[in-house]
Amino acid sequence: MSSAVSIPTTFSQQEVADFHEQGYLIVRGLGSTETCQRMRAVTQEQMQRLVEPVEFEADLQYPGAPEDHSAPGGRTVRRLKQAFTRDFVFSQWVTSPELSGRLRQLLGPEVVCPLAHHNCVMTKSPRYSSDTGWHQDIRYWSFTRPELVNVWLALGPERLENGCLKLIPGSHLRTFSRDQFDDEFFFREDHPENVPLIAHAVTAELDPGDVLFFHSRTLHAATRNYSQETKLS
């Protein structure tokens, strides 16, 4: 008799309702140990070899990042782009029943995986990582429809110390004025209407295999990594 535990391929009705109300949802242990270990191994090996395409911390110039590629830490990797084609484990995960079944509940029967900006492995180095201000991921896209969901798989522990995500519940349902954002479409922390919203932010602390689903309009942010280990997701 097999001792394997069957993983549900759908959300409960309450989970779907929570996602639509809050703009995010965490599913514990959705990614298997084997999947996470394989992804970590591939990521660490390709980070060491700087397998293109790569985004460096210095490319974005966020607070805490090296000034340029020649500065100390200037070749610190921020993202390994095009994760889908880096190794079979990534495409296998994206198309797995436990993931695709849940996405159909949130998006409808025809689910499309864009192979553009968020098709990546996020890395956060202990010494040369950066702070990412409050923002909505919809700013990266040129799609006319907002039905976009991010799927964030933790490949290791994610805590405040190493720069886990923080989110503002329900922010995906709000309408904001242009002046609530700065020139780069970061949500202004000094705007009087923004301050009480930011005060109600929640922390998405994750363990390996946990998955955070969040709407493309949900405001989120993260600090740099203050721990001694590189964070991967």
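The values are calculated or read from the model by the stated rules, or taken from the named source; none is laboratory data. Computed from a predicted model, the values in this text were never measured in an experiment. With ideal geometry, Cβ positions are generated from the backbone for all residues, glycine too; neighbour counts draw on all protein chains shown.
A few points about this structure:
- Odd one out for ASP183 among (1) within 19 Å of the chain's Cα centre (by Cα); (2) surrounded by fewer than 16 Cβ atoms within 10 Å (Cβ to Cβ): (1)
- Of the residues making up segment 12-43, those that are of a type outside the set (Gly, Ala, Ser), under 21 Å from GLN92 (Cα atoms) and touching a residue at least 60 places away in the same chain (Cβ under 8 Å) number 10.
- Of all residues in segment 49-61, those being surrounded by fewer than 17 Cβ atoms within 10 Å (Cβ to Cβ) and either modelled with pLDDT of 95 or more or β-branched (Val, Ile, Thr) (or both) number 7.
- In this structure, SER129 qualifies as surrounded by 13 or more Cβ atoms within 10 Å (Cβ to Cβ), closer than 17 Å to ARG78 by Cβ and touching a Ser or Thr at 6+ places or on another chain (Cβ under 8 Å).
- Residues that are surrounded by fewer than 16 Cβ atoms within 10 Å (Cβ to Cβ) and assigned to a loop (DSSP other than H, G, I, E, B), drawn from segment 73-93: ARG75
- Filter result for ALA65 (surrounded by 17 or more Cβ atoms within 10 Å (Cβ to Cβ), more than 28 Å from GLU34 (Cα to Cα), touching a residue at least 12 places away in the same chain (Cβ under 8 Å) and small (Gly, Ala, Ser)): yes
- Some residue of segment 166-176 being in contact with a helix residue (DSSP H, G or I) (Cβ under 9 Å, 6 or more places away or on another chain), outside any strand (DSSP E or B), of a type in the set (Val, Ile, Thr) and at pLDDT 95 or above: yes
- Hey, VAL121 crowded, with 17+ Cβ neighbours inside 10 Å and of a type in the set (A, V, I, L, M) or not: yes
- Listed by position, the strands (runs of 3 or more DSSP E) contained in segment 94-159 that have at least 3 residues being more than 26 Å from ARG28 (Cβ to Cβ) form an empty set.
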